[in-house]
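Enquirer: Structure in structure tokens, see below.
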Amino acid sequence: MRTRAVLTSIFASVGVLVIGWQAGSAAMTSTQPTRTSSGTSGTSTGTVLGTTTATAPAASGAADGSYTGDDVNTRFGSVQVQITVSGGKLADVTALQLTDHDRRSVQISNRAEPILRSAVLDAQSASVNNVSGATYTSNAYLQSLQSALDQAGL
Amino acid sequence: MRSVFETMGTVASIELAADEPDALDGIRGIFADAEKRFSLYRPGSELSRVNAGERPLAAASAELRDAYALAMDWHLRTAGAFTPNRPDGSIDLNGVVKALCISRAGELLHSLALKDWSINVGGDVLCAGLSPTGDWVIGIVDPVDRQSLLCALPLGEGRRAIATSGSAERGDHIWTIDRDTAAEFVQVSVIAEDILAADVLATAIISGGIEMLDLATDTWAIDVLAVRTDGSLLATPGVRSLISV
Amino acid sequence: MTAQLAPSRIGSPDRRRQYRRRARRSDLLVTALWASGAAAAALFLSVGGAGQFGTAADAITSLGIITGLVGSDFILVMLVLAARVPLIDRTVGHDRSIAVHRQLGKPALYLLLAHGVLLLIGYGVGSGFNLVTWVVDMWELPDMPLAFIGLGLLITVVVTSLVAVRRKFSYEGWHLVHLLSYVAVAFAIPHQLSNGAVLSAGPQRVYWIALYVLAFGSILVYRFVEPLVSSLRHAVRVDRVIAVAPGVVSIVLRGSKLDQLGATGGQFFVWRFWGAGMWWHAHPISLSAAPTANYARITVRDLGTGSRAISAVKPGTRVWIEGPYGIFTDSARTAPRVAIIAAGIGITPVRALLESSSIAPGEATVLLRASSADEQWLWPEVAELATEKGASYFEMVGPRSPRASTWMSARDQDRGVTLQSVFPHLLDSDLYICGPTAWLDLVEADARRAGVPAHQIHSERFDW
């Protein structure tokens with residue numbers, strides 16, 4: 001009976017390892033990107049990342065080659081992304097199928113239109129809580145409107 | 001109750017309904033940690049070390065890698081108008097780190113069950129609930145005369161964040177893509193629900209011009225007030241309705 | 001090497017079935033042990049680990065992770081083996097379970113040490129082997145300091161369990177240190193759950209936690225809860241202490257519903273006497289008579305401080321019991337005949353076994369061995385039982401020859417006595433052996449040489 005124990009153990013152990021390995025491979029291939037990103041009309045190229053960098057959350061350990069994600073329908077159209085893996089690292093990202101201006105189903109146009117300064121000017125600046133502008137340095141802050149507001153509120 | 005502290009080369013102003021020293025400490029900590037990790041002005045920061053080649057990106061901390069992945073994500077979405085990579089290839093995450101910290105600070109306040117607050121870091125504002133005077137009202141600086149405001153807009157549900165980018169003052173984290181034309185906008189303010197989206201898109205529109213502005217307004221639920229180089233304004237319909245309110 | 005035995009050599013169909021069932025269970029347990037180790041490694045594979053061997057640093061780190069997983073799995077298996085799970089005891093006997101537990105000790109520790117070293121090297125390669133970065137990284141990872149302490153405790157436990165070191169401790173002292181292994185295991189849990197990609201989420205995490213629940217649960221239930229319930233329910237106390245011979249006493253214990261304990265002759269309990277200075281000794285002692293509804297008997301020899309204190313126990317002392325354990329019983333029989341050989345105080349379970357067993361006349365042969373007439377404790381009882389059961393009864397008294405290592409007396413050895421000559425039909429018998437370990441080993445070796453199959457040899461060892 002000992003022989004049987006040994007054989008069964010080997011068989012079971014190998015089986016368990018194979019199942020684990022298969023599960024791992026399945027998990028890796030299913031994490032190839034299906035990014036829901038939108039692109040402009042026309043083609044747009046992704047950036048070639050430096051060869052010294054790798055995007056760790058992505059397919060680390062995936063075999064070299066190009067992987068194309070699924071065609072994903074986003075609110076703004078369909079998007080498809082292709083990544084290229086080289087030397088086990090992410091080498092290139094390209095947005096393939098890009099949303100076309102004309103095919104996009106935009107409900108309402110949210111485009112910015114010219115507007116007069118006078119129409120925009122609000123006289124009730126007294127009720128302003130915060131000021132938003134291009135980022136000020138710590139020094140520039142001292143002369144800013146925000147610092148005046150802060151002084152009042154401190 | 002307003003508190004002010006210096007961080008990331010600028011100044012943060014926090015408004016809370018009451019004195020909350022723990023919350024403020026927490027917020028200060030968030031910014032301090034990020035600065036330690038991401039500041040390019042400190043040679044010992046993790047990002048500086050990565051840029052110097054002392055540490056490969058793959059071996060960097062999860063926070064750094066996540067921030068970089070996030071920045072690359074936005075890089076894709078803005079068709080390259082926003083990029084965390086400088087022309088020399090080094091990584092500059094200033095464009096996302098500030099907003100990430102503001103976002104996290106907001107989550108901290110939320111987790112402390114504080115409902116009414118505003119966080120303003122160098123002109124990027126995130127708010128929640130009500131101010132002492134009602135809605136949170138944000139004044140947008142006139143780029144031509146920084147002592148006066150262009151307008152004042154109320155923030156609220158669905159548009160809790162505003163970020164303004166300028167080509168004039170602190171434009172070092174905007175790496176304009178290769179274009180023949182000069183910058184079309186001197187200042188862009190973006191109102192959105194998410195401070196990171198607002199910040200990234202404001203930057204992207206400055207660097208990408210009118211094309212990026214159209215893409216952004218078509219793609220995301222935002223409102224934009226943009227100032228052209230000649231001083232004239234462009235505004236989305238939402239801004240109009242906010243003003244007339 | 002064990003050939004299939006022809007049906008005619010095995011006993012009644014019932015016994016055959018029982019044996020086969022036990023053998024199957026035993027095989028299943030062994031398989032489960034190894035498969036659990038494989039499963040631990042498979043956890044790593046299931047998160048895509050197979051692809052993490054690209055660079056040297058990756059490969060070292062991956063190996064570090066695998067050794068950690070498998071090493072921890074072995075430690076958990078060891079806990080289960082020491083938990084005195086009834087299923088395991090019924091199948092292979094507690095002493096065999098402990099033997100396997102001991103065998104796993106060093107491999108488990110080596111795996112865990114490798115885990116630490118490999119990961120340090122793997123991470124070190126990434127940080128350019130900068131010692132400061134190393135230490136800071138390790139310190140900043142959540143729960144790592146605790147894990148290091150746990151590893152240190154584990155090393156202490158294993159080192160003190162090495163035979164050479166263990167000898168220097170009293171059993172209780174050694175056992176106390178050994179209990180630190182629980183602490184070591186517990187200290188390691190946080191870092192396993194908060195670091196790394198394998199156990200961070202999903203079915204892998206669930207499985208891992210389930211393993212811990214199983215291991216600690218087994219110990220809690222079978223080492224604490226069950227004995228507590230049993231002791232309270234049967235309310236065992238010392239009834240009287242009978243001197244059998246100088247240095248040997250029989251202790252009669254009184255309780256209620258003792259027959260419902262399910263104990264048969266040949267089994268043992270772990271007894272804890274709640275007297276001053278005695279309560280922290282736990283004694284594994286075989287029953288020396290089959291228990292009745294209200295009485296049970298153990299016979300103890302004055303072997304050391306622990307045992308000596310026992311003989312001084314006062315009537316009325318409360319007793320905490322754990323058991324019954326052991327498969328030195330009638331139900332372990334697989335062959336048509338029975339051969340019993342006992343020496344010294346090893347006679348105790350044999351005496352109880354004879355009493356409980358269903359031996360038919362002519363089936364059994366009993367041989368009792370003693371170096372001198374002083375060591376013939378309970379022999380009259382055994383002789384009487386042998387007559388009752390119609391078993392052949394032999395005595396072998398006398399010192400062994402100083403020049404040879406044998407289980408026999410010098411005189412009988414010279415006469416040409418062998419195991420086969422004592423026990424006719426030896427190869428068709430279940431051989432029950434009990435006595436001092438060294439002597440027992442010699443008998444067993446002799447039996448194996450004579451061709452007795454392993455599953456027909458039942459040894460009761462007292463040395464764990």
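Enquirer: Taking a temperature of 37 °C and a viscosity of 0.692 mPa s, what whole-number D in µm²/s does Stokes-Einstein yield for chain C with Rh from Kirkwood over alpha carbon pairs?
Expert: Translational D for this selection: 133 µm²/s.
Enquirer: Let me ask something additional. For region C:330-461, what is the charge dipole size about the Cα centre, in debye to the nearest 20, if Lys and Arg each add +1 at the Cβ and Asp and Glu each add -1 at the Cβ?
Expert: Approximately 420 debye in magnitude.
Enquirer: Taking square-rooted eigenvalues a ≥ b ≥ c of the alpha carbon gyration tensor, is region C:1-111 rounded, prolate or oblate, where a/c under 1.5 means rounded and, failing that, a/b exceeding b/c means prolate?
Expert: It is prolate, given that a/c is not under 1.5 and a/b is the larger ratio.
Enquirer: Here's a follow-up. Just the number, please: buried accessible area between C and A, total of both chains, 1.4 angstrom probe, nearest 100 square angstrom.
Expert: 1500
Enquirer: Quickly estimate the mean residue ellipticity at 222 nm for chain B, helices only: each DSSP H run with n ≥ 4 gives -39500 (n - 2.57), and the total goes over all residues, rounded to 500.
Expert: Computed ellipticity for chain B at 222 nm equals -12000 deg cm²/dmol.
Enquirer: Follow-up. Can you grab the distance from the C-alpha centre of region C:394-448 to the C-alpha centre of region B:82-142, Å, no decimals?
Expert: Centre-to-centre (Cα) distance: 88 Å.
Enquirer: If amide H atoms are built 1.01 Å from N in the plane of the peptide, which residues on other chains or at least 5 residues away come under 5 Å of the amide H of C:Tyr393?
Expert: Those qualifying (amide H under 5 Å, at least 5 residues apart or on another chain) are C:Val366.
Enquirer: Could you work out how far helix C:56-82 tilts from the main Cα principal axis of chain C, as a 0 to 90 degree angle to the nearest 10?
Expert: Around 30 degrees separate the two axes.
Enquirer: Rounded, prolate or oblate: which one fits region C:23-229, using the alpha carbon gyration tensor with axes a ≥ b ≥ c (rounded when a/c is under 1.5, else prolate when a/b beats b/c, else oblate)?
Expert: prolate
Enquirer: Quick check: Cα centre of region C:69-117 to Cα centre of region C:224-247, how many Å?
Expert: 30
Enquirer: Take the Cα atoms of region C:235-325, find their three principal axes, and give me the spread along each one in whole Å, biggest first.
Expert: Taking max minus min along each principal axis of the Cα atoms, region C:235-325 gives 32, 25, 21 Å.
Enquirer: Given the -39500 (n - 2.57) contribution per DSSP H run of 4+ residues, what per-residue ellipticity at 222 nm results for chain C, rounded to the nearest 500 deg cm²/dmol?
Expert: Here the helix-only value at 222 nm equals -16500 deg cm²/dmol.
Enquirer: Another question about this same structure. Please compute the contact order of chain B in relative form: average sequence separation of alpha-carbon pairs under 8 Å and at least six residues apart, divided by the residue count, as a percent.
Expert: Worked out over chain B, it gives 16 percent.
Enquirer: For region C:109-116, what does the Karplus curve 6.51 cos²θ - 1.76 cosθ + 1.60, with θ = phi - 60°, yield as ³J(HN,Hα) per residue in whole Hz, taken in order and with x for Gly and Pro?
Expert: 5, 4, 4, 5, 5, 4, 3, x
Enquirer: Sum up the charges of everything whose Cβ sits under 13 Å from the Cβ of B:Ser103, counting Lys and Arg as +1 and Asp and Glu as -1, but leave B:Ser103 out.
Expert: -3
Enquirer: Take the protein assembly as shown, compute every pairwise Cα distance, and split them into 10 Å bins from 0; I just need the percent in each bin.
Expert: P(r) over the protein assembly as shown, rounded to whole percents: 2, 10, 15, 16, 13, 10, 9, 8, 8, 6, 3, 1, 0.
Enquirer: Relative to the longest principal axis of the C-alpha atoms of chain C, give the angle of the C-alpha long axis of helix C:131-140, reported between 0 and 90° and rounded to the nearest 10°.
Expert: 70
Enquirer: Which of the trypsin sites (Lys or Arg not before Pro) found in region C:187-283 are in a DSSP loop and have at most 11 neighbouring Cβ atoms, other than their own, within 10 Å?
Expert: Passing sites in region C:187-283 are C:Lys257.
Enquirer: Roughly how large, in nm² to one decimal, is the mean projection of the convex hull of the alpha-carbon atoms in region C:330-461?
Expert: Hull-based average projected area comes out at 7.2 nm².
Enquirer: Shielding by partners for A:10-18, please: the mean number of other protein chain Cβ atoms within 10 Å of each residue's Cβ.
Expert: Per residue, the average neighbour count from other chains is 6.
Enquirer: Another question, if that's okay. Using a Gaussian network model of chain B whose springs link C-alpha atoms within less than 10 Å, name the residue from B:Gly166, B:Gly209, B:Gly89 with the highest mean-square fluctuation.
Expert: Highest fluctuation of the listed residues: B:Gly89.
Enquirer: Out of all DSSP beta bridges in the protein assembly as shown, what portion is antiparallel? Express it as a percent rounded to 5.
Expert: That works out to approximately 75 percent antiparallel.
Enquirer: Nothing charged except the Cβ atoms of Lys and Arg (+1) and of Asp and Glu (-1): what's the magnitude of the dipole of the protein assembly as shown about its Cα centre? Round to the nearest 20 debye.
Expert: Value, rounded to 20: 5140 debye.
Enquirer: Another one. Hey, in the GNM for chain B with a 10 angstrom Cα cutoff, which one of B:Gly158, B:Gly95, B:Gly122 fluctuates hardest?
Expert: Maximum fluctuation in the GNM of chain B, among the listed residues, is at B:Gly158.
Enquirer: Determine the relative contact order of chain C: mean sequence separation of Cα pairs under 8 Å and six or more apart, normalised by residue count, in whole percent.
Expert: Reported as a whole number, the value is 13 percent.
Enquirer: Here is a follow-up. Once the Cα atoms of helix C:13-45 and of chain C are each reduced to a long axis, what angle between those two axes, in degrees from 0 to 90 to the nearest 10, is obtained?
Expert: So the inclination is approximately 20 degrees.
Enquirer: Per-residue Cβ counts within 10 Å, from other chains only, averaged over B:82-90: what number is that?
Expert: Partner-chain Cβ atoms within 10 Å, mean over residues of B:82-90: 1.
Enquirer: Take every Cα pair under 8 Å in region C:48-192 that's 6+ residues apart, average their separations, divide by the length, and report that relative contact order as a whole percent.
Expert: Result for region C:48-192 is 24 percent.
Enquirer: For chain C, with all protein chains present and a 1.4 Å probe, just round the carbon and sulfur fraction of the accessible area to a whole percent.
Expert: 63
Enquirer: Considering every residue in B:141-154, what mean count of other chain Cβ atoms within 10 Å of its Cβ is obtained?
Expert: Counting Cβ atoms of other protein chains within 10 Å of each residue's Cβ and averaging gives 5.
Enquirer: Identify which of B:Ala59, B:Ala163, B:Ala202 has the largest mean-square fluctuation in a Gaussian network model of chain B, with springs joining Cα atoms closer than 10 Å.
Expert: Looking only at B:Ala59, B:Ala163, B:Ala202, the biggest GNM fluctuation is shown by B:Ala59.
Enquirer: Calculate, for region C:330-461, the solvent-accessible area per residue in square angstrom, rolling a 1.4 angstrom probe over the heavy atoms of the protein chains.
Expert: That works out to 39 Å² per residue.
Enquirer: In Å², rounded to the nearest 100, what is the total accessible surface buried by chains A and B against each other with a 1.4 Å probe?
Expert: Summing both sides, the interface buries roughly 5500 Å².
Enquirer: Answer rounded, prolate or oblate for region B:2-243, using the Cα gyration tensor with square roots of eigenvalues a ≥ b ≥ c: rounded when a/c is under 1.5, else prolate when a/b is larger than b/c, else oblate.
Expert: Cα axes put region B:2-243 in the oblate bin.
The values are calculated or read from the model by the stated rules, or taken from the named source; none is laboratory data. Since this is a predicted model, take the numbers as computed values, not measurements. Heads up, the Cβs are rebuilt from the backbone with ideal geometry, glycines too, and the neighbour counts pull from every protein chain shown. With ligands, DNA and RNA removed, areas are computed over all heavy atoms of the protein, side chains included. Shrake-Rupley method; radii C 1.70, N 1.55, O 1.52, S 1.80 Å.
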